[in-house]
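Everything below concerns the one structure shown next.
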Amino acid sequence: MDSTQELQAWHAPDWHPDHGDPEIELGHLRSFALKLLSAVPNATVTLETPEPGLMDVRIALACGTVAEVYSVSSSEDDRHRRFAIFLCPDTPSESEIYAETPEDASNLFALLSSSSRNGAASESRSVTEVHCDP
């Protein structure tokens, strides 16, 4: 099964309505994951639902960068969703970034992946490399 088919097989968890609408979150996360796999085909994406009301996409890049991406309501408008991106989660190097669109979020990972591949060949980098130490 290819990655795109796998993403289409993701199912929204069944949780209490007080936790929000899992179908909306899942659709938002799926749109990001599809863009990400278009931009970084060798990325690994996994849908995680660690507890009721919590859903994220775990990303692993070939360069070693690991991230968790959540669909969250915008602080200005509850109807608008954005992406909360946690690079190197659960490590001392963890950092939090927000992206407004699936394109913006996937472009971040494309830049991280590209920056790592180009390594020393590039004298000026547009993105600081992110390495996660366990």
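The values are calculated or read from the model by the stated rules, or taken from the named source; none is laboratory data. Just so it is clear, the structure is predicted and the values come from calculations on it, not from any experiment. Neighbour counts run over all protein chains shown; Cβ positions are idealised from the backbone, glycine included.
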Determine which single condition Ala60 fails, assuming it passes every other condition in (1) hydrophobic (A, V, I, L, M, F, W, C); (2) in contact with a helix residue (DSSP H, G or I) (Cβ under 9 Å, 6 or more places away or on another chain); (3) farther than 19 Å from Asp104 by Cβ.
(2)
Val66 aliphatic (A, V, I, L, M), within 17 Å of Ala33 (Cβ to Cβ) and surrounded by 19 or more Cβ atoms within 10 Å (Cβ to Cβ):
yes
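So, in the stretch 92-115, of the ones that are of a type outside the set (Ser, Thr, Tyr) and part of a loop (DSSP other than H, G, I, E, B), which residue ends up farthest from Val40 (Cα to Cα)? Working first, answer last.
The initial filter retains those residues of the stretch 92-115 that are of a type outside the set (Ser, Thr, Tyr), namely 92, 94, 96-97, 99-100, 102-105, 107-112.
Of the ones still in play, those that are also part of a loop (DSSP other than H, G, I, E, B) are 92, 94, 100.
Working: Pro92: 26, Glu94: 21, Glu100: 19 Å.
Among those that are of a type outside the set (Ser, Thr, Tyr) and part of a loop (DSSP other than H, G, I, E, B), it is Pro92.
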Some residue of the stretch 109-123 being at pLDDT below 90, among the hydroxyl-bearing types (Ser, Thr, Tyr) and surrounded by fewer than 13 Cβ atoms within 10 Å (Cβ to Cβ)
yes
Would the stretch 10-26 turn up any residue that is touching a residue at least 24 places away in the same chain (Cβ under 8 Å), within 14 Å of the chain's Cα centre (by Cα) and buried (at least 16 other Cβ atoms within 10 Å of the Cβ)?
yes
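Given the criteria modelled with pLDDT under 95 and assigned to a strand (DSSP E or B), does Pro89 qualify?
On the way: modelled with pLDDT under 95: yes; assigned to a strand (DSSP E or B): no.
Answer is no for this residue.
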Scan of the stretch 44-62 for residues that are crowded, with 18+ Cβ neighbours inside 10 Å and either among the aromatic types (Phe, Trp, Tyr) or not in a strand (DSSP E or B) (or both), ordered by number:
Leu61
Restrict the check to the stretch 77-91 and report whether at least one residue is touching a residue at least 40 places away in the same chain (Cβ under 8 Å), farther than 25 Å from Ala9 by Cα and surrounded by fewer than 16 Cβ atoms within 10 Å (Cβ to Cβ).
yes
